[in-house]
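The values are calculated or read from the model by the stated rules, or taken from the named source; none is laboratory data. Everything numeric in this text was worked out from a predicted model, so none of it was measured. Using ideal geometry, Cβ is built from the backbone for each residue, glycine included, and neighbour counts are taken over all protein chains shown. Accessible surface areas use protein heavy atoms only, side chains included; no ligands, DNA or RNA. Shrake-Rupley method; radii C 1.70, N 1.55, O 1.52, S 1.80 Å.
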Amino acid sequence: MTLILEVSDLNKSFGAVIAAQDINVTVHEHEVIGIIGANGAGKTTFINMVTGYLKPTSGQIKFAGRSIVGLKPRDITVLGIARSFQVPQVFASETVFDNLLMVYAIVEESGLGLLAPLYNDQRAERVDAHLIRYKIADYRDANASALPQGIRKLLDIAMAAACKPTLLMLDEPTSGISIDEKFELMDVIMEALRQDKTTVLFIEHDMEIVERYVSRVLAFYQGRIICDAPVAEAMVNPDVREFVIGEEFHRTRTQNDNGAGENNA
Amino acid sequence: MRSKYIDNTVIGLSIAFVVLIFADFFMAEWVRFIGLQSLARGAVALGLLILWRSGLVSFGHALYFGFGAYAAAMMTLIGYRDAFLLVFVGTAVAGILAFLLGFLLRRYRGIFFALLNLAFSMILYGVIVKTEALGSTDGFSVLTPTFLGYAPKGEAVQTTLFLFTLAFTYIITIGAHLYLKTTLGGMSMAVRENEIRVEYLGYSAERIIHVKYVFSGLVAGFGGAIMAMAIGQVDPDSMANWTVSGEFVFITILSGIGNVAATFIGALVFDLIRTYAFEYAPQFWQFILGGSLLAIIMFLPEGIWSLVARLRRPQKAPSP
């Protein structure tokens, strides 16, 4: 498999706070990688650095063999890395269809093509096909500001995927979504991305989701990667269990709660 | 099937254009004068409309209006008086200035954008007021324009100037309307709604704003050059002062940003209110102007155009 992303010795600090420390990661084509870790572990910082939103303090990021450190998000997007957001970033006052029509137009046109009409029937057909693949066609004419959270998340991800990226980074695709809707949402996203042969890297807190969809796990803790392994291996890694999944902590607390309950009774 | 370029707005503007060509020969002189001013101010408001759609309000477009007016007027000082040349120079220099200042202004949003424009326009005002050679606060008069060698006399000057202005304004307005339907024009919405998303789609929001800013500068320069020829005089208070910028914002609010044609209707209404208020209540005309703005904001928050939109909506989508 071809190597597409190569991150070496990446560091980022905000004053005294170290958000990333000695991060070394390689990503190959067609991989599906889950990023796990507690809040503040540096997961989003990592995505922000790879997509150019934050400049690393030191280190190297190579995408398809070329260094992308110091490039702007828009340049990196054009090279082939797209992202979705924890808080969906959509054009709130427009309909779902118009959101994606705009996205398709920006992605497809450049130079003088920008002066061609935004709307044309062929483009509208492509947008409608995209809406069907992401199962949001029912909301085609609804205003983006009035969508249920799950649909808004899907729209945000569909907008990122419409860039036809080589590598798509999803920042907590299932946050704010009820447990019974999570799998449905992930099934839709992962199926569409698998068809496009997109390499996916996503942040997730729900271990069930991670186990079901990813082939490999990166576990973050205090700005460092404490485990980079296939999913089955990562789930039994003692560091991951202690610092990320927090099994020991939960077990102790459950016992204490029971104890407290008995005392009250 | 309809062509993708011809729609109701294009048809409406074309009809208005033809009607006004004929009306030009029958209009009373004072009506034609108001019409000329409305076309000039409407052109500036057209530029503000395009900025407004991207979520930006400028409180300083008298900068480009005044710059265009003075540039055209100064051409007559050195002996050039052809209307085509004057309009070209006024439009071009304002566009170049907007292009240069755009590198700075495209980085600002909201109140900072509005007031930075105001600051630059007051610099121009200050420079003009302090320059004796340009007549200081009195300004100077502009030679009667000629039109490619044709040198009209008397009323024919205004008649010809009206036709000339009408033709250019028609082209600019149709152009702006078609532009708003292109991908680049549509990006106004994207920039207004979510700049982060635009960046993550691989396009620069600042570049989009810069393009729109240069357009607004060009049309403001055009409006200024027309106004200089229409009045036959330039002076800082009616060309470059902040109150002039305020009038343009007033017209944009009055018109609404729903359609390019609205800005000219708004400019005409503005000129009529001002003319009649000044005529019948010279002590209170500012109260009347302020009061009408208040009424618009309270009863027609989306401007005069919302009246037209209201008429059309039931036909397009019957309410359930």
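Things worth noting here:
- The residue that is nearest to the other protein chains (Cβ to nearest Cβ), counting only those in segment A:97-151 that are surrounded by 14 or more Cβ atoms within 10 Å (Cβ to Cβ), closer than 24 Å to A:Arg194 by Cα and acidic (Asp, Glu), is A:Glu108.
- When A:Asn11, A:Asn24, A:Asn39 are screened for being in a strand (DSSP E or B), within 25 Å of A:Glu242 (Cα to Cα) and open to solvent by 60 Å² or more (accessible area, probe 1.4 Å), only A:Asn24 passes.
- Scanning segment B:1-26 for residues that are among the hydrophobic types (A, V, I, L, M, F, W, C) and touching a residue at least 40 places away in the same chain (Cβ under 8 Å) yields B:Val10, B:Leu13, B:Ala16, B:Phe17, B:Leu20, B:Ile21, B:Phe25.
- Residues satisfying the stated conditions in segment A:157-207, i.e. acidic (Asp, Glu) and in contact with a Ser or Thr (Cβ under 9 Å, 6 or more places away or on another chain): A:Asp171, A:Glu172, A:Glu181, A:Glu204, A:Asp206
- Answer residue from segment B:248-303, given it is more than 25 Å from B:Gly47 (Cβ to Cβ) and part of a loop (DSSP other than H, G, I, E, B) and is least open to solvent (accessible area, probe 1.4 Å) among those: B:Ala281
- Among the residues of segment A:182-190, at least one is within 28 Å of A:Ile68 (Cα to Cα) and surrounded by fewer than 24 Cβ atoms within 10 Å (Cβ to Cβ).
- Residue satisfying all of: in segment A:154-165; in contact with a Leu (Cβ under 7 Å, 6 or more places away or on another chain) and part of a helix (DSSP H, G or I); surrounded by the most Cβ atoms within 10 Å (Cβ to Cβ) among these: A:Met159
- Selection of helices (runs of 4 or more DSSP H) fully inside segment B:144-229 by the criterion of at least 1 residues being more than 14 Å from chain A (Cβ to nearest Cβ) and open to solvent by 10 Å² or more (accessible area, probe 1.4 Å) returns B:155-180.
- Filter result for B:Val31 (modelled with pLDDT under 95, within 19 Å of B:Phe270 (Cβ to Cβ), β-branched (Val, Ile, Thr) and over 17 Å from the mean Cα position of the chain (by Cα)): yes
- Scanning segment B:198-251 for residues that are of a type in the set (A, V, I, L, M, F, W, C) and in contact with an Asp or Glu (Cβ under 7 Å, 6 or more places away or on another chain) turns up just one, B:Ala205.
- Residue count for segment A:42-68, restricted to those that are in a loop (DSSP other than H, G, I, E, B) and more than 14 Å from every other protein chain (Cβ to nearest Cβ): 6.
- Meets criteria (touching a strand residue (DSSP E or B) at 6+ places or on another chain (Cβ under 9 Å), in contact (Cβ under 8 Å) with a residue 60 or more places away in the chain and under 20 Å from B:Leu13 (Cα atoms)) for B:Leu161: yes
- Residue in segment B:79-87 that is open to solvent by 30 Å² or more (accessible area, probe 1.4 Å) and within 17 Å of B:Ile123 (Cα to Cα) present: no
- Of the candidates B:Ser204, B:Ser216, the single residue that is at pLDDT 95 or above and among the polar types (S, T, N, Q) is B:Ser216.
- Filtered residues of segment A:69-96 (kept if buried (at least 21 other Cβ atoms within 10 Å of the Cβ), β-branched (Val, Ile, Thr) and at the interface with another protein chain (Cβ under 10 Å from one of its Cβ atoms)): A:Ile76, A:Thr77, A:Ile81, A:Val90
- Counted residues, segment A:169-200 - those being part of a helix (DSSP H, G or I) and within 13 Å of the chain's Cα centre (by Cα): 4
- Against the conditions (1) in contact (Cβ under 8 Å) with a residue 60 or more places away in the chain; (2) in a loop (DSSP other than H, G, I, E, B); (3) farther than 30 Å from A:Ala19 by Cα, A:Asp141 satisfies every one except (1).
- For segment A:66-87, a tally of residues being under 17 Å from the mean Cα position of the chain (by Cα) and hydroxyl-bearing (Ser, Thr, Tyr) returns 2.
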